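Undergrad: Below: one structure in structure tokens.
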Amino acid sequence: MRPIRPTWLLAVAVLVATLCAPGAEAAEIRVMISGGLSAAYKELVPQFEKATGNAVITSYGPSMGSTENAIPIRLARGEPADVLIMVGDALGVMISKGYADAGSRVDLVRSPIGMVVRAGAPRPDISTAEALKATLLAAKSVAYSDSASGVYVGTELFKKLGIASEMEGKAKMIPADPVAGVVARGDAELGFQQISELLPIPGAELVGPLPPELQKITIFSAALTRDTKAREQGRALIDFLASAAAAPALVKSGMEPIATTR
């Protein structure tokens, strides 16, 4: 018997999800998504579109913050969306404000924080808390994101290591720009962000995840918006991203799938 290829599994998962939504017809699905899932999402969505005939229109932006393209800012100014894919805590806020439907929420993946250096640069030791502390103290500049991972790095990690004051002059939050890109350009020596957001950027190399005792896992979740005009199709997309067939693409991008039985 021939092994079942992942592409066939993906197609089957999509078709099953679509058939489970009675009356669903091809439609435009407007998605707002933050960077953590974007690499896997870009690989999976074309397959969903091909199998269902739906057209997915995507807007990218941070899950939080005040930049122009941040998802909460987009929603507040009335930009249309059918599906939100973002940091779970931030999605919870969108649900509490009435932008998203609590009953449709699905937690998709766990995403760990990692560190990058510029391609070709020495890879310092960050395998333990003491090693990470020494690496940070020796670094000339450090960049971290303005999303969930960066909030943790800037407000908790440095304090846990006892070096908050030492980092004040050389650690910087980067708004609306991939941290790995900042490191690749040579504008920062070290960069911290979710691994899934670090891996796709050329010119930077992943050193590894934070030590287990200092790791902060971010949950990325999806939900339908309250006023979606493509409820069945949006639900089919969420079910597809939560399926076991989508898991290989999620794992490849540095994340751990949560919902893989749908």
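Undergrad: Say we look at region 201-217 and pick out the residues that are in a loop (DSSP other than H, G, I, E, B) and closer than 13 Å to Ala119 by Cα; which of these is most open to solvent (accessible area, probe 1.4 Å)?
TA: Filtering first and then ranking leaves Pro202.
Undergrad: For region 171-185, check the following and say yes or no: at least one residue is in contact with a helix residue (DSSP H, G or I) (Cβ under 8 Å, 6 or more places away or on another chain), within 27 Å of Met32 (Cβ to Cβ) and part of a loop (DSSP other than H, G, I, E, B).
TA: Yes: region 171-185 contains one or more residues that are in contact with a helix residue (DSSP H, G or I) (Cβ under 8 Å, 6 or more places away or on another chain), within 27 Å of Met32 (Cβ to Cβ) and part of a loop (DSSP other than H, G, I, E, B).
Undergrad: Out of all the residues in region 219-261, which are in a loop (DSSP other than H, G, I, E, B) and either touching a helix residue (DSSP H, G or I) at 6+ places or on another chain (Cβ under 7 Å) or more than 19 Å from Ser196 (Cα to Cα) (or both)? Reasoning before the result, please.
TA: Within region 219-261, the subset in a loop (DSSP other than H, G, I, E, B) is 226-230, 242-243, 253-255, 258-261.
Residues satisfying the conditions are Arg226, Asp227, Thr228, Lys229, Ala230, Ser243, Ser253, Gly254, Met255, Thr260, Thr261.
Undergrad: For region 79-112, name all the residues that are open to solvent by less than 60 Å² (accessible area, probe 1.4 Å) and either of a type in the set (Ser, Thr, Tyr) or at positive phi (or both).
TA: Within region 79-112, Gly98, Ser104, Ser111 qualify.
Undergrad: Right, something else. Taking region 124-159 as the search range and keeping residues that are basic (Lys, Arg) and closer than 13 Å to Leu190 by Cβ, which one is farthest from the chain's Cα centre (by Cα)?
TA: Lys140
Listed here are the residues, each with its yes/no results for (1) in contact with a strand residue (DSSP E or B) (Cβ under 9 Å, 6 or more places away or on another chain); (2) at pLDDT 95 or above; (3) more than 23 Å from Met64 (Cα to Cα); (4) open to solvent by less than 10 Å² (accessible area, probe 1.4 Å).
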residue	(1), (2), (3), (4)
Glu166	no, yes, yes, no
Glu197	yes, no, no, no
Gly234	yes, yes, no, yes
Ile238	yes, yes, no, yes
Ala259	yes, no, yes, no
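The values are calculated or read from the model by the stated rules, or taken from the named source; none is laboratory data. Since the model is a prediction, treat every value here as computed from it, not as a measurement. Glycine gets a Cβ as well: all are built from the backbone with ideal geometry, and neighbour counts include every protein chain shown. The protein model used for the area step is the full one, side chains on, heavy atoms only, and it has no ligands, DNA or RNA in it. Shrake-Rupley method; radii C 1.70, N 1.55, O 1.52, S 1.80 Å.
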